[in-house]
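What follows is a short report on a single structure.
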Amino acid sequence: MTKATDQDRVLIFDTTLRDGEQSPGATMTHAEKLEIAELLDEMGVDIIEAGFPIASEGDFRAVSEIAERSKTAVICGLARANFKDIDRCFEAVRKSARPRIHTFIGTSPLHRAIPNLTQDEMADRIHDTVTHARNLVDNVQWSPMDATRTEWDYLCRVIEIAIKAGATTINIPDTVGYTAPMEKAEMIRKLIETVPGADEVIFATHCHNDLGMATANSLAAVAGGARQIECTINGLGERAGNTALEEVVMALKVRNDIMPWRTGIDTTKIKHISHRVATVSGFPVQFNKAIVGKNAFAHESGIHQDGMLKNKETFEIMRPEDVGIAGTALPLGKHSGRAALRDKLKTLGYEVGDNQLKDLFVRFKELADRKKEVFDDDLIALVRIEEDDE
Ligand code: KIV
Ligand code: ZN
């Protein structure tokens, strides 16, 4: 198990403003980044990765201003494995009360081939750059990019070097969403068991969603001993995205019986930040997205609506209020039944008897066959027509 004062606590590291913004077309303005950082801080995110300071003047300014303004969260910037990146990153995060430098290098054979470094040359680079970062700040995160496709012995070797050079968090990225839950859990467990000094640092998990397994892989990593989950709001991120913050946080909350770890997130703030990230990034949330999709707490079929009217636990495993959604929705459509129609009419101020309900239900079904959703105004019109006919 990795170092942490409280072994039940999982740190939430949000990278919406860095990995999320790397999503093609998701660029945010300076003001929008400040707003999202403030919302992340308020909701209890432990570490905010605010950007990649060397990438552009705009990123540098955003990271510096977020560092200056943030109240509680650790503010982190990303840097490649060279002194120039690390120095620029330090300049950006230094005004934070709790700055972190996150430096990384691709360690798999495919990634080592790009700078054309031998294993030994890369190991030396890792030693020198982590040492340099640690001379600037106390809080240094190191990532072997593409860890899940790196040779096991080499991965253990470079992690040991990074720990000895002063890294305080070791992140294990599944850069291309290649791993699977059983493999990721076992990998973290074995790393913690094998690498000398591993019990002195926090292990983190950073998953991408190329095979749709980012949430499952992140939770498996925690089961294996990781105590920091890297994620983004709405799962925004490169290609198929990153682990969605709302999914891991709610999974840990709802299934705490089998996953006994907690986060410090105020879950009632989830819906609002999800909406703001969708708006500023221009990436709408799919209707059936877990937790924050428009349909996540909506029930249209007759059987489901009838069940929900009798007991909400029949078809909901969490309360919409717990994620900041006003309540369950029972939209009326062609699959809806009489119970939901009667309930809706009641909320609109119409108490109807059984015979009137029977007639209205026939008219309602005719209309629902023609329309995707029957709205309040449609129902009021139906009641009026029905009353005129009597
Ligand atoms: O996916 C990845 O490997 C990354 C690293 C920079 C941590 O985003
Ligand atoms: Zn990533």
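What follows is calculated from the coordinates using simple rules that are stated; it is not laboratory data. Model, not experiment: these values are computed from the prediction. Quick reminder, even Gly has a Cβ in these numbers, built from the backbone with ideal geometry, and neighbours come from all protein chains shown.
Here is how the numbers come out for the structure above:
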{"read-out": "Unsatisfied cross-links (Cα-Cα over 21 Å) in the set K271/K346; K312/K346; K95/K269; K184/K271", "value": "K271/K346; K95/K269; K184/K271"}
{"read-out": "Residue among E230, E68, E373 with the largest mean-square fluctuation in a Gaussian network model of the chain, springs linking Cα atoms under 10 Å", "value": "E373"}
{"read-out": "The chain - percent relative contact order, Cα under 8 Å, separation 6 or more", "value": "15"}
{"read-out": "C-alpha center-to-center spacing [the range 232-279, the range 66-133] in angstrom", "value": "26"}
{"read-out": "Cut-off 14 Å between beta-carbons: net charge of the residues surrounding L236, Lys and Arg +1, Asp and Glu -1", "value": "-4"}
{"read-out": "Cα gyration tensor shape for the range 102-149, rounded if a/c is under 1.5, else prolate or oblate", "value": "oblate"}
{"read-out": "Directionally averaged shadow of the chain, computed from the convex hull of its alpha-carbon atoms, nm²", "value": "21.2"}
{"read-out": "Within a Gaussian network of the chain (alpha carbon springs, distance under 10 Å), most fluctuating of L117, L191, L348", "value": "L348"}
{"read-out": "Neighbourhood charge, 14 Å Cβ-Cβ cut-off, centred on K371 and excluding it, Lys, Arg +1 and Asp, Glu -1", "value": "-2"}
{"read-out": "Largest-first ellipsoid semi-axes for the range 87-227, taking √(5λ) over the Cα gyration tensor eigenvalues, angstrom", "value": "23, 18, 15"}
{"read-out": "Computed over the range 293-360: relative contact order in percent, which uses C-alpha pairs under 8 Å that are six or more apart", "value": "35"}
{"read-out": "Antiparallel bridge percentage (DSSP; both residues within the chain; nearest 5)", "value": "5"}
{"read-out": "Per-residue [θ]222 nm for the chain (sum of -39500 (n - 2.57) over DSSP H runs n ≥ 4, rounded to 500)", "value": "-13500 deg cm²/dmol"}
